[in-house]
1. May I ask you to list the residues in the range 154-181 that are touching a residue at least 40 places away in the same chain (Cβ under 8 Å) and either of a type in the set (Gly, Ala, Ser) or within 22 Å of residue 126 (Cα to Cα) (or both)?
2. Which residues, counting only those in the range 128-137, are touching a Phe, Trp or Tyr at 6+ places or on another chain (Cβ under 8 Å) and without any contact (Cβ under 8 Å) to a residue 60 or more places away in the chain?
3. How many residues does the range 132-145 hold that are buried (at least 17 other Cβ atoms within 10 Å of the Cβ) and polar (S, T, N, Q)?
4. Does residue 53 count as at pLDDT below 65 and surrounded by 10 or more Cβ atoms within 10 Å (Cβ to Cβ)?
5. List the number of the failed condition for residue 124; all other conditions in (1) of a type in the set (Lys, Arg); (2) over 20 Å from residue 42 (Cβ atoms); (3) at pLDDT 95 or above hold.
6. Taking the range 36-50 as the region of interest, how many residues are surrounded by fewer than 18 Cβ atoms within 10 Å (Cβ to Cβ) and touching a strand residue (DSSP E or B) at 6+ places or on another chain (Cβ under 8 Å)?
7. Residues of the range 131-158 being modelled with pLDDT under 95, under 14 Å from the mean Cα position of the chain (by Cα) and of a type in the set (A, V, I, L, M), which ones?
8. Which one is surrounded by the most Cβ atoms within 10 Å (Cβ to Cβ) among residues in the range 88-131 that are among the charged types (D, E, K, R) and not in a loop (DSSP other than H, G, I, E, B)?
Amino acid sequence: MKSTKTITFALLSSAVVILFSACGGTEKSTGIDPKVYTDSLFAVMKADRTNYTKLIIRRLGPIGADAISPAEHWKDLENGAPLPAQMFRAGAEAVADLTDKFTYSLQSEWPINKQNAPKTPMEKQGLKFISDNPGENFYGEEKLGTITYFTAVYPDVAVSDACTQCHNEHKDTPKTDFKVGEVMGGVVIRVPL
């Protein structure tokens, strides 16, 4: 009986070693693929941003009402709430305080706030690509200083008439004909390689 257990254990051990070797188990792990990493991060960002817009912003009262109101200068109001883009920026700034493993920002070819305009050639190329190719993402590598980054740009689509109305009617908007379902800008995620 003991010899059967020994043989079974030896066979199982050999099978595990062969399987482990065949799957590359003896090689050093290289970590998660940057595209999978950024796609996963974007999925969380998109879900949070869409839910904030649809579940919170659309339900708040008009500016000046006693109810909580979404407004660009929300800090100046007693019952003000940040706009979706401001909430997104606050999240990006909080993440930057916690980690240097990635950064993200909301940018646009038609920014209301000039600080959301693309700054690097890769950002400009990515925003143009997602605008010209609805439903597609953009991926590339760029060197900033001494560090090479994997840069991904994802479409930021108007999910509600609250988005389009705010952008189309803003005094500083360079574009006044956004429609629900259209690309209004992009989420840029950058990971050091």
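1. Of the residues in the range 154-181, the ones touching a residue at least 40 places away in the same chain (Cβ under 8 Å) are 154, 156, 159-160, 162-163, 166-167, 170, 172-175.
The answer is 154, 156, 159, 160, 162, 163, 167, 173, 174, 175.
2. Taking the range 128-137 as the starting set, the residues that turn out to be touching a Phe, Trp or Tyr at 6+ places or on another chain (Cβ under 8 Å) are 129-130, 136-137.
Listed by number, the residues that qualify are 129, 130, 136.
3. The total comes to 1.
4. Values: at pLDDT below 65: no; surrounded by 10 or more Cβ atoms within 10 Å (Cβ to Cβ): yes.
Here the answer is no, as residue 53 does not meet what is asked.
5. In the conditions (1) of a type in the set (Lys, Arg); (2) over 20 Å from residue 42 (Cβ atoms); (3) at pLDDT 95 or above, residue 124 misses (2) alone.
6. Just the residues of the range 36-50 that are surrounded by fewer than 18 Cβ atoms within 10 Å (Cβ to Cβ), to begin with: 36-37, 39-40, 43-44, 46-48, 50.
Of the ones still in play, those that are also touching a strand residue (DSSP E or B) at 6+ places or on another chain (Cβ under 8 Å) are 37, 39, 46.
Number satisfying all stated conditions: 3.
7. Passing the criteria: only 157.
8. Restricting attention to the range 88-131, the residues satisfying the condition of being among the charged types (D, E, K, R) are 89, 93, 97, 100-101, 109, 114, 119, 123-124, 128.
Pick out the ones that are also not in a loop (DSSP other than H, G, I, E, B) and you get 89, 93, 97, 114, 123-124, 128.
Working: 89: 18, 93: 10, 97: 6, 114: 7, 123: 22, 124: 15, 128: 15.
So, considering only residues that are among the charged types (D, E, K, R) and not in a loop (DSSP other than H, G, I, E, B), the one surrounded by the most Cβ atoms within 10 Å (Cβ to Cβ) is 123.
The values are calculated or read from the model by the stated rules, or taken from the named source; none is laboratory data. As the structure is a computational prediction, the values presented were derived from the model and not from experiment. Here the Cβ is made from the backbone with ideal geometry for all residues, glycine too, and neighbour counts use every protein chain on show.
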